[in-house]
Amino acid sequence: MEYYKSIKTPALRRIYRVIIAVQRFICYICAIALPLIITYQVILRYILKAPLMGIEELLTFFIIWLYMMGGSVASEKRSHIECGILTLYIKKEKTMKIFKLFKALFSFIICAWLTRWAFWFFQYSFKLWKTSDILRIPMFLGESSMFIGLIFMLFFATVEMIDYIRDLIIFLQEGKRL
């Protein structure tokens, strides 16, 4: 929640807090469930010599949710992997602020496009209502993680872009032209 203070609108602050709470809850549940399920599988398979069918299938649901929420947390903390080689060559503060704004704008556009695609997939998955092969778990439960995770990422990309716009405007208003 390090960028929470930069949000001025009460409604956006509330949305931010709700998204953070949902993110954390899902990540904690998945991070606890995954090793417990794997431990259960190891005990059944290697100690009790009893096979348990479908455990890998169940793990997939937790893994995809953890992956998408992890991406969302990285978006919130602005700690996604990036290739920052250009930043080594940018010396002027104004140029760096413009570069960050374009980077955030590009991220926003890509995330919006992916969110649109994920929404289509979300609708398709809900309409088709496929189930997993062994446990008959609705695939929608796992596939919906892409749409929800990308919605969260889009929100944080928007907040980041607004921050960089605000930084550039303040910089230009202060008259610091390099």
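Taking the condition over 30 Å from residue 41 (Cβ atoms), under 13 Å from the mean Cα position of the chain (by Cα) and among the hydrophobic types (A, V, I, L, M, F, W, C), does residue 101 pass? No. Figure legend. Inter-residue proximity from the range 84-96: first residues more than 19 Å from residue 163 (Cα to Cα), second residues at pLDDT 90 or above and in a helix (DSSP H, G or I), beta-carbon distance below 8 Å, spacing 6+ or different chains. Indicated pairs: 86/99; 90/96; 90/99.
Restricting attention to the range 39-58, the residues that are exposed (fewer than 14 other Cβ atoms within 10 Å of the Cβ) and assigned to a helix (DSSP H, G or I) total 8.
Considered as a group, the residues in the range 1-38 that are closer than 16 Å to residue 77 by Cβ and in a loop (DSSP other than H, G, I, E, B) include one that is modelled with the lowest pLDDT, and that residue is 1.
Assessment of the range 131-150 against the conditions (polar (S, T, N, Q) and closer than 25 Å to residue 16 by Cβ) yields at least one matching residue. Do we find that residue 60 is under 16 Å from residue 164 (Cβ atoms) and either modelled with pLDDT of 95 or more or out of contact with any helix residue (DSSP H, G or I) (no Cβ under 7 Å at 6 or more places or on another chain) (or both) in this structure? So residue 60 fails the test.
None of 20, 109, 43 is out of contact with any Phe, Trp or Tyr (no Cβ under 9 Å at 6 or more places or on another chain), over 30 Å from residue 174 (Cα atoms) and not acidic (Asp, Glu) except 43. Taking the conditions (1) in contact (Cβ under 8 Å) with a residue 24 or more places away in the chain; (2) over 30 Å from residue 136 (Cβ atoms); (3) not acidic (Asp, Glu) in turn, residue 30 satisfies each one other than (2). When we screen 21, 33 for residues that are among the aliphatic types (A, V, I, L, M) and touching a helix residue (DSSP H, G or I) at 6+ places or on another chain (Cβ under 8 Å), the only hit is 33. Candidates are the residues of the range 75-132 that are touching a Ser or Thr at 6+ places or on another chain (Cβ under 9 Å) and assigned to a loop (DSSP other than H, G, I, E, B); the one that is modelled with the highest pLDDT is 132.
Restricting the range 11-33 to residues that are closer than 15 Å to residue 70 by Cβ and crowded, with 16+ Cβ neighbours inside 10 Å leaves a set whose member that is farthest from the chain's Cα centre (by Cα) is 33. When each of 150, 154 is tested for being touching a Leu at 6+ places or on another chain (Cβ under 6 Å), surrounded by 13 or more Cβ atoms within 10 Å (Cβ to Cβ) and in a helix (DSSP H, G or I), the lone residue that passes is 150.
The values are calculated or read from the model by the stated rules, or taken from the named source; none is laboratory data. Just so it is clear, the structure is predicted and the values come from calculations on it, not from any experiment. Ideal geometry is used to build each Cβ from the backbone, glycine not excepted, and the neighbour counts take in all protein chains shown.
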